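Student: Structure below; questions to follow.
Read the figures in this text as sums done on the coordinates, not as results from a lab. Remember, it's a predicted structure, so these values are computed and weren't measured experimentally. Note: ideal-geometry Cβ built from the backbone for every residue, glycine included; neighbour counts use all protein chains shown.
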Amino acid sequence: MDTPKIDKRFWFKHKGCEGKHYLIGNPHTFPGRILAWCPIKKIDFCVSKAEMDEISESAQYWLEGFLAGNQPYPPLDDNGDLDFESPEYKNWLLEIKEFRKTGDWK
């Protein structure tokens, strides 16, 4: 792959690889997965927030927005409506809280 256009403000350090890596977008694979660039290996790869050690302030804000917009829709009842009192919805709220911390959707 050719080197993508990267914004050096959106860096993070990946667990298991040296140096700074850069957020470049949505890989459209699984909820919470992020497309990133490794300048050492000159490859793009998919990563979750849980795989990041150190994150720039700009990347942190980018990640918060990305994960908020990437979270799965809440469960609907048999009529296609949200039931805010259902156990499924309450469980979804807990899962979303964890998703925002890790980027991993269970």
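Student: Quick one: among LEU93, LEU82, LEU35, which has the greatest mean-square fluctuation in a GNM of the chain with alpha-carbon springs under 10 angstrom?
Tutor: Between LEU93, LEU82, LEU35, it is LEU82 that shows the largest mean-square fluctuation.
Student: What FRET efficiency comes out for SER86 versus TYR61 if R0 is 35 angstrom and r is the Cβ-Cβ distance? Round to the nearest 0.05.
Tutor: Using R0 = 35 Å, I get an efficiency of 0.60.
Student: For the chain, what's the relative contact order in percent, using C-alpha pairs closer than 8 Å and at least 6 residues apart?
Tutor: 25 percent
Student: Also: If I fit a long axis through the Cα atoms of helix 87-102 and take the longest principal axis of the Cα atoms of the chain, what angle between them do I get, 0 to 90°, rounded to 10?
Tutor: Compared with the principal axis, the helix lies near 10 degrees.
Student: For LEU76 and ASN26 in the same chain, what is the full-extension length gain: residue separation times 0.36 nm, less their Cα-Cα distance, in nm?
Tutor: Gain in length upon complete extension: 15.4 nm.
Student: So how far apart, in nm, are the two label points at ARG9 and PHE45 if each is 7 Å from Cα heading toward Cβ?
Tutor: For ARG9 paired with PHE45, the spin-label model returns 2.6 nm.
Student: On average over all directions, what projected area in square nanometres does segment 15-76 have, based on the convex hull of its Cα atoms?
Tutor: In nm², the orientation-averaged hull projection of segment 15-76 is 4.6.
Student: For the chain, what is the largest minus smallest coordinate of the Cα atoms on each principal axis, given in angstrom and ordered from greatest to least?
Tutor: If we take the Cα atoms of the chain, the spans are 50, 24, 21 Å.
Student: Which lysines, on any chain, are close to LYS8 with Cα under 26 Å apart, when same-chain ones fewer than 8 places away are left out?
Tutor: Counting by Cα, and skipping residues close in sequence, LYS8 has these lysines nearby: LYS20, LYS41, LYS42, LYS49, LYS101.
Student: Continuing with the same structure: Show which aspartates and glutamates lie in cross-link reach of LYS15 when reach means a straight Cα distance below 15 angstrom and same-chain residues fewer than eight apart are skipped.
Tutor: GLU51, ASP53, GLU54
Student: Could you identify which residue out of ILE40, ILE96, ILE55 has the top mean-square fluctuation in a GNM of the chain using Cα springs shorter than 10 Å?
Tutor: Of the options given, ILE40 has the highest mean-square fluctuation.
Student: Taking only the alpha-carbon positions of segment 62-106 and ignoring solvent, what does the Debye formula give for the base-10 log of I(q)/I(0) at q = 0.32 Å⁻¹?
Tutor: Log10 of I(q)/I(0), two decimals: -1.11.
Student: Looking at the chain as a GNM with Cα springs under 10 Å, which of PHE84, PHE12, PHE45 has the largest mean-square fluctuation?
Tutor: PHE84
Student: Can you give the calculated 222 nm mean residue ellipticity of the chain, where each DSSP H run of n ≥ 4 adds -39,500 (n - 2.57) and the sum is split over every residue, rounded to the nearest 500 deg cm²/dmol?
Tutor: -9500 deg cm²/dmol
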